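Notes follow the structure.
The values are calculated or read from the model by the stated rules, or taken from the named source; none is laboratory data. Since the structure is predicted, the reported quantities are computational estimates derived from the model, not experimental observations. Note: ideal-geometry Cβ built from the backbone for every residue, glycine included; neighbour counts use all protein chains shown. Please note that ligands, DNA and RNA were not included when accessible areas were found on the heavy atoms of the full protein model with its side chains. Shrake-Rupley method; radii C 1.70, N 1.55, O 1.52, S 1.80 Å.
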Amino acid sequence: MSNSEVWNAYLAKFNAEPKDASQLQAYAKAQDNLPNLSFKDANECYKSNKGKGAASGGAEKKEPESGGGGLFAELNKGGDITKGLKKVTRDMTNKDKTVSGKVGAAPKKKAAAPKKAAAPKKVKPPAIRKQGFRIWVENFVEGVEEIKDAGIKNEVYFVNCKNTGFKISEKVKTVIIDSCQKVQVQVSAVLTSIDMINTKGSTLYVEKQAATINVDKCASPRLVLFQEYLNTKPQIVTSMTSDMNISVPDPKSSDGDFKDTPVPYQFITTIDPDTKALTTVPMSHMG
């Protein structure tokens, strides 16, 4: 059976041309008495016969009388088509009846309750408060604040602050900067350590003393370290931190300028095949 016969069979079935080759291919696959067409064959058949009606390559398939041809024959009978039909009386219909679960009117949907407007998020007021030896500095969003009444026994804890500058002039025990964004903290001297945690885009200035600076889970932190502090040979520990820079006095500058140096956060690890020892070095970006 040729491809043209598939085309003619489609025309006889639907009395119209297929919209595209895919439709012609799908029709052929669905018919047991027609050959399956590959998309290539269907596409060639579609292009060669589009707009030309029945193809000349094969006999047009004749549909059974119960199909389109039979329908047109019945329509040609005119008024005689209704002869022999059984009359349906009103009581034989479901009109004016309610059949539970079938014909009855659909139950009315309950009107959806109006959505309650979301309660505005409570904004905690900025505050500096003492709790034992800890000084809490929290919820500041602007301005410059100086932390007063702080001494060698106090831990200063900055939390949830944004876009604010802070200055600690006196020597304190510990400084912690936690969950802050774009803050600047200037510290004179710290007895033990300065910790920066979960903080983004913030700058820490250290003038004189801090045994250790710990930076953990931060994004784009910057440490500005003055020469007096560098003379103490400080230790800086970083973990899970990206895009960090350390700024120190530029030895080549006579104007007291500072030079930024990025801290690596990507590393390369190699394994010695004989000793199985691991060696990890920072990744250097050339160019």
*Those residues that are among the small types (Gly, Ala, Ser) and either modelled with pLDDT of 55 or more or open to solvent by 100 Å² or more (accessible area, probe 1.4 Å) (or both), I need them from the range 92-125; list them, please.*
Ser100, Ala105, Ala106, Ala111, Ala112, Ala113, Ala117, Ala118, Ala119
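Here's the yes/no breakdown for (1) more than 28 Å from Pro264 (Cβ to Cβ); (2) more than 28 Å from the chain's Cα centre (by Cα); (3) small (Gly, Ala, Ser); (4) at pLDDT 95 or above:
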| site | (1), (2), (3), (4) |
| --- | --- |
| Phe166 | yes, yes, no, yes |
| Val172 | yes, yes, no, yes |
| Ser179 | no, no, yes, yes |
| Ser188 | yes, yes, yes, yes |
| Gly201 | no, no, yes, yes |
| Ala219 | no, no, yes, yes |
*Checking Ile213 against (1) open to solvent by less than 30 Å² (accessible area, probe 1.4 Å); (2) over 25 Å from Ile147 (Cα atoms), which test does it fail?*
(2)
_Among the residues of the range 233-253, what is the count of those that are surrounded by 13 or more Cβ atoms within 10 Å (Cβ to Cβ) and either of a type outside the set (D, E, K, R) or at pLDDT 95 or above (or both)?_
11
*Take the residues in the range 26-50 that are touching a residue at least 12 places away in the same chain (Cβ under 8 Å), in a loop (DSSP other than H, G, I, E, B) and not polar (S, T, N, Q), then tell me which one is most open to solvent (accessible area, probe 1.4 Å).*
Lys50
_If I filter the range 126-176 down to residues being β-branched (Val, Ile, Thr), under 15 Å from Ser202 (Cβ atoms) and in a loop (DSSP other than H, G, I, E, B), which single residue comes out as most open to solvent (accessible area, probe 1.4 Å)?_
Val141
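Considering the range 254-270 alone, what residues qualify as being more than 19 Å from Met196 (Cα to Cα) and surrounded by 10 or more Cβ atoms within 10 Å (Cβ to Cβ)?
Asp257, Phe258, Lys259, Ile268, Thr270
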